[in-house]
Amino acid sequence: MDTHVIRGCRCRHTPPPPAPGPPPPRHQVLFFRRSGGRACQSRLSWSHRALAQAHLTSATAARRPDSDDATKHAFKSILTSLPKPGGGEYGKFFSLPALNDPRIDRLPYSIRVLLESAIRHCDNFQVTESDVEKIIDWENTSPKQAEIPFKPARCILMDNTGVPAVVDLAAMRDMMPKLGCDPYKINPLIPVDAVIDHAVRVDVARTCDALERNQELEFDRNKERFAFLKWASTAFHNMQVFPPGSGTVHQVNLEYLARVVFNEDGIMYFDSVVGTDSHTTMVNSLGVAGWGVGGIEAVVAMLGQPMGMVLPGVVGFKLTGKLQDGVTTTDLVLTMTEMLRKHGAIGKFVEFYGVGVDELSLPARATIANMSPEYGATMGFFPVDQVTLDYLKLTGRSNETVSMVEAYLRANKMFVEHHETETDRVYSSYLELDLCKVEPCVAGPKRPHDRVPLKEMKSDWHSCLDNKVGFKGYAVPKEEQGKVVKFDFHGRPAEIKHGSVVLAAICSSTNTSNPSVMIGAGLVAKKACELGLEVKPWVKTSLTPGSVVTSEYLKHSGLQEYLNQQGFHLAAHGCATCVGNSGDLDESVSAAITENDIVAAAVLSANRNFEGRVHPLTRANYLASPPLVVAYALAGTVNIDFDKEAIGIGKDGKEVFLRNIWPSNQEVEQAIQSSVKTHLFRQVYESILKRNPRWNVLQVPEAALYPWDPNSTYIRKPPYFKGMSMSPPGPPTVKEAFCLLNLGDCITTDHISYSGKIPDGTPAARYLHECGVDPKNFSSYGGRRGNNEIVMRGAFANMRIVNKLLDGQAGPWTIHVPTGEKLYVFDAAMKYKSEGHDLVIIAGAEYGSGSSRDSAAKGPMLLGVKSVIAKSFERIHRSNLVGMGVIPLCFKEGKDADSLGLTGRERYTIHLPTNIAEISPGQDVTVTTDDGRSFACTLRLDTQLEVTYFNHGGILPYMVRNLAAGQGK
């Protein structure tokens with residue numbers, strides 16, 4: 001009998017079947033791990049494990065309606081057996097049809113998932129029968145912003161946001177004995193999967209050994225944080241960590257982790273997930289309800305506590321027709337993003353329906369679901385249909401599992417037949433798109449919802465050069481627009497202009513999960529090679545797919561060879577360029593850009609292109625399909641009309657146009673059918689946890705409590721529980737606060753908590769210098785978020801952030817109002833703190849849009865920011881602010897800082913009651929300034945649970961007090 005590591009538990013286990021299937025449940029505590037090919041005792045002592053097992057078993061029993069609990073369950077009458085076709089039963093499930101309530105048939109499928117979860121968890125304590133009724137009556141309760149609890153089935157983490165979340169868990173466990181309580185109460189009660197995917201950087205590109213060299217550099221830089229995560233996988237139960245090089249969390253989730261239907265201890269239920277990455281929504285394509293949350297909310301979910309949420313409205317998006325030949329899914333999702341942004345989907349679910357859905361492959365649906373944050377929605381949901389089942393089989397789920405999934409969904413009226421007449425579902429609002437009307441496009445140059453039809457790209461680019469500085473403008477003088485900069489590139493003559501492409505990246509799970517566009521990119525490269533076209537050597541090209549399977553089918557199809565010839569060598573399996581880890585440009589290229597103020601361009605197949613995110617020197621960043629990324633790399637510029645202008649001159653001396661190298665849909669489909677096979681998924685995922693030899697030999701501490709190293713620059717014990725007692729501190733006061741920054745619209749979490757490289761001379765660099773870190777090992781802000789010293793020094797460290805206190809100058813500085821000094825934001829905040837002053841931030845609309853990183857709330861809180869006053873907030877970021885005890889306030893409709901005459905040089909007092917009983921969700925709050933102004937704001941504590949968090953100083957102190965008091969189940 002062999003020993004295998006299965007889903008984070010260590011046990012003697014027979015080898016897995018050929019098809020990996022959905023990973024088994026992990027609520028049991030098991031005692032063996034794989035080491036040197038034989039079973040050995042886990043790193044925690046038997047006594048520690050036994051203690052943890054006792055707590056975990058009782059806690060799990062308390063939350064799951066197994067056979068004993070079912071007899072007492074409020075909805076036991078609808079617990080129904082699901083028979084197998086050949087006899088016996090798959091298990092039991094809470095049957096929605098058995099409620100015999102006609103309102104359920106009218107509910108959107110996405111809302112039914114919330115309903116089933118509430119019914120299953122209904123204990124009339126954390127989830128009540130009243131909560132169930134609110135969901136059933138969704139048509140009437142959703143417009144009233146009704147609050148409901150939600151308990152997801154599992155949680156996923158990526159390393160940049162996952163490390164801080166696990167640091168918080170470790171610190172909470174440390175805190176429990178100090179309060180006289182059991183540390184083992186701090187342990188995940190649901191499956192938690194962490195995928196290390198955001199650490200890799202494209203330091204090496206355009207070489208056959210790029211993958212190996214980048215992985216080596218990644219491990220050298222991040223060995224300490226990797227060891228911390230590996231320690232967590234042994235110290236916490238129900239936690240599994242996928243090593244570096246496994247792919248992105250979203251593609252691993254889609255291809256392997258997602259169950260669609262759980263079957264745990266004989267109880268069947270819908271899969272659902274929250275993740276510490278906003279693009280967790282990608283799994284909505286499988287009919288799995290899931291969305292991004294901050295790390296602090298993820299901790300709440302891990303510990304089995306309900307997440308409070310407002311019952312969302314649902315946009316019904318009807319699809320008809322079929323995409324035309326040559327139009328990609330990327331073109332479709334950019335079109336949808338523009339439509340939904342205009343329609344308004346913030347804080348809502350989007351549910352897709354109609355015969356057009358049947359024309360979309362599962363990977364195409366995944367692309368659409370992935371970009372939910374970009375179109376503002378909480379989810380982009382595709383109910384399960386035959387296409388879903390076929391994909392489950394393609395990716396290696398067993399036939400028995402797929403049959404169980406189908407039987408459960410049909411029995412619970414959650415399986416869709418798009419061509420059959422159904423009971424009309426009710427939606428909050430409606431949109432419709434005929435797929436045949438979608439045309440090729442890109443998005444940019446600074447926002448993902450600024451779609452540009454490909455035929456208009458050249459004219460749009462010239463408008464951007466002309467326009468004043470803004471989302472669509474650079475204000476380049478007319479006489480400067482045609483400037484040509486010549487330079488030497490390693491002995492070869494080279495030149496760049498405004499709009500020259502200096503970085504072209506096929507990256508991000510948004511598109512690399514989709515064989516049609518990846519095969520399409522390979523075919524474009526192949527045709528270009530055959531015609532004699534070649535990407536200029538000074539264009540930094542890279543291929544970083546989100547799945548090992550993707551690189552396997554590109555290799556098997558023979559197309560990777562042609563991508564290599566164009567410089568798109570495999571550089572990583574991870575996020576890389578998508579998150580800003582694009583690596584340095586060649587020094588000669590960087591100098592040509594900076595010394596001549598060139599507006600250089602990047603073209604990438606990602607989901608975000610905020611200025612400063614992709615690379616500090618690419619001021620124009622365009623989202624495009626992978627085939628178009630190759631095309632723009634070949635053209636060398638975004639200043640081109642592909643219909644009228646040639647990409648280059650072929651080896652026969654003739655002009656080559658885009659249409660000469662663009663593959664037909666039939667060519668793409670034939671290549672997919674011959675190369676994308678089930679055995680590739682099986683081979684990859686059967687060995688996914690053992691593929692990284694560096695990870696396999698990584699040593700970790702043998703301790704249940706983490707041995708914090710005070711000299712570490714990667715992992716530091718956070719200060720959130722310092723001086724904490726069992727009594728909540730109550731609402732904070734904000735009196736005569738200074739404004740740290742006065743910001744405009746669309747300030748993203750990239751602006752607030754930059755992920756990229758740590759530049760020399762910044763507060764973070766100074767700190768690392770003082771700690772004796774060599775500048776070559778500074779790594780990135782994102783990679784060091786397990787250290788609160790870097791988190792607060794990285795707050796507002798983006799070189800592209802514009803602070804009105806600096807009269808429009810971009811950069812990580814602000815004005816210390818009392819003295820008028822221009823300082824780094826961190827230095828100014830520390831000066832204010834030493835003077836004993838409170839701080840606020842003033843902002844415009846969509847504050848905190850972008851990634852789900854809770855460091856964007858932790859950083860400002862650590863700087864001393866007590867409140868953010870904005871026109872509007874992005875959903876996840878608002879929750880993160882509440883979670884960290886920062887007061888989110890919204891200006892009243894039609895008002896903002898400019899209309900109220902606020903400059904940011906005033907002092908602000910927020911008149912909030914000091915008695916928590918006098919604070920209610922959404923109430924009006926008066927703010928006054930020292931120059932006599934007074935204005936009303938809306939308190940964006942949206943639920944009563946958030947008011948409770950606020951009283952405790954945030955979610956984490958609340959959780960510790962709650963569990964220490966024995967109230968957590």
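Okay, residues lined up against (1) part of a strand (DSSP E or B); (2) open to solvent by less than 10 Å² (accessible area, probe 1.4 Å):
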| position | (1), (2) |
| --- | --- |
| Asn263 | yes, no |
| Met268 | yes, yes |
| Val274 | yes, yes |
| Thr281 | no, yes |
| Val299 | no, yes |
| Pro312 | no, yes |
| Phe317 | yes, yes |
| Leu323 | no, no |
| Val327 | no, no |
Residue in region 353-366 that is touching a Pro at 6+ places or on another chain (Cβ under 8 Å) and part of a strand (DSSP E or B) present: yes
Residues satisfying the stated conditions in region 308-333, i.e. within 28 Å of the chain's Cα centre (by Cα) and of a type in the set (Val, Ile, Thr): Val310, Val314, Val315, Val327, Thr328, Thr329, Thr330, Val333
Selection status of Ser372, in contact with a Ser or Thr (Cβ under 8 Å, 6 or more places away or on another chain), open to solvent by 40 Å² or more (accessible area, probe 1.4 Å) and on the phi < 0 side of the Ramachandran plot: no
Whichever residue in region 802-826 is in contact with a Ser or Thr (Cβ under 9 Å, 6 or more places away or on another chain) and outside any strand (DSSP E or B) and, among such residues, is surrounded by the fewest Cβ atoms within 10 Å (Cβ to Cβ): Leu806
Residue check, Ile876 touching a residue at least 60 places away in the same chain (Cβ under 8 Å), over 25 Å from Ala828 (Cβ atoms), of a type outside the set (S, T, N, Q) and open to solvent by less than 30 Å² (accessible area, probe 1.4 Å): yes
Region 394-439, residues that are open to solvent by 50 Å² or more (accessible area, probe 1.4 Å) and under 24 Å from Gly326 (Cβ atoms): Glu432, Cys436, Lys437, Glu439
Some residue of region 451-468 being among the basic types (Lys, Arg) and closer than 28 Å to Arg878 by Cβ: yes
Flag if Ala505 is more than 16 Å from Ala601 (Cα to Cα), of a type in the set (A, V, I, L, M) and buried (at least 24 other Cβ atoms within 10 Å of the Cβ): no
Tally, over region 707-720, of residues that are under 27 Å from the mean Cα position of the chain (by Cα) and open to solvent by 10 Å² or more (accessible area, probe 1.4 Å): 7
Filter pass, Met792 being farther than 25 Å from Arg619 by Cα and touching a residue at least 12 places away in the same chain (Cβ under 8 Å): yes
Count of region 556-576 residues which are open to solvent by less than 30 Å² (accessible area, probe 1.4 Å), assigned to a helix (DSSP H, G or I) and under 22 Å from Gln683 (Cβ atoms): 2
Residue under evaluation Gly932, criteria (1) open to solvent by less than 10 Å² (accessible area, probe 1.4 Å); (2) farther than 30 Å from Arg784 by Cα; (3) among the small types (Gly, Ala, Ser), criterion not met: (1)
Residue in region 945-962 that is open to solvent by 20 Å² or more (accessible area, probe 1.4 Å) and either β-branched (Val, Ile, Thr) or not assigned by the TED database to the domain that holds Ala856 (or both) present: yes
Residue match in region 375-382 (condition: part of a helix (DSSP H, G or I) and surrounded by 22 or more Cβ atoms within 10 Å (Cβ to Cβ)): no
Every residue from region 316-351 that is of a type in the set (Val, Ile, Thr), out of contact with any helix residue (DSSP H, G or I) (no Cβ under 7 Å at 6 or more places or on another chain) and more than 9 Å from Val438 (Cβ to Cβ): Thr337
Check on Ser855, of a type outside the set (A, V, I, L, M, F, W, C) and buried (at least 21 other Cβ atoms within 10 Å of the Cβ): yes
Complete set of residues in region 476-495 that are assigned to a helix (DSSP H, G or I) and among the basic types (Lys, Arg): Lys478
Residue tally, condition loosely packed, with under 15 Cβ neighbours inside 10 Å and over 23 Å from Ile747 (Cα atoms), over region 467-491: 11
Cβ-Cβ under 7 Å pairs, at least 6 apart or on other chains, region 95-107 side assigned to a helix (DSSP H, G or I) and open to solvent by less than 50 Å² (accessible area, probe 1.4 Å), far side of a type in the set (Val, Ile, Thr) and modelled with pLDDT of 95 or more: Ala98/Ile78; Ala98/Thr80; Leu99/Ile78; Ile104/Ile136
Subset of region 283-297 that is over 12 Å from Ile156 (Cβ atoms) and in a loop (DSSP other than H, G, I, E, B) - its residue that is modelled with the lowest pLDDT: Gly294
Total residues in region 201-211, condition touching a strand residue (DSSP E or B) at 6+ places or on another chain (Cβ under 8 Å) and either open to solvent by less than 40 Å² (accessible area, probe 1.4 Å) or within 17 Å of Cys578 (Cβ to Cβ) (or both): 5
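Residue-by-condition table, conditions (1) under 24 Å from Ala170 (Cα atoms); (2) crowded, with 22+ Cβ neighbours inside 10 Å; (3) not basic (Lys, Arg):
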| residue | (1), (2), (3) |
| --- | --- |
| Ile186 | yes, yes, yes |
| Ala199 | yes, yes, yes |
| Arg213 | no, no, no |
| Arg221 | yes, yes, no |
| Val241 | yes, yes, yes |
Residue in region 63-71 that is at pLDDT 95 or above and assigned to a helix (DSSP H, G or I) present: no
Single condition Glu495 does not satisfy, out of (1) out of contact with any Lys or Arg (no Cβ under 7 Å at 6 or more places or on another chain); (2) open to solvent by 10 Å² or more (accessible area, probe 1.4 Å): (1)
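The values are calculated or read from the model by the stated rules, or taken from the named source; none is laboratory data. Owing to the predicted nature of the structure, the values given are computational and were not obtained by experimental measurement. Reconstructed Cβ throughout: ideal geometry from the backbone, glycine too, with neighbour counts over all protein chains shown. Surface accessibility is based on the protein's heavy atoms, side chains included, excluding ligands, DNA and RNA. Shrake-Rupley method; radii C 1.70, N 1.55, O 1.52, S 1.80 Å.
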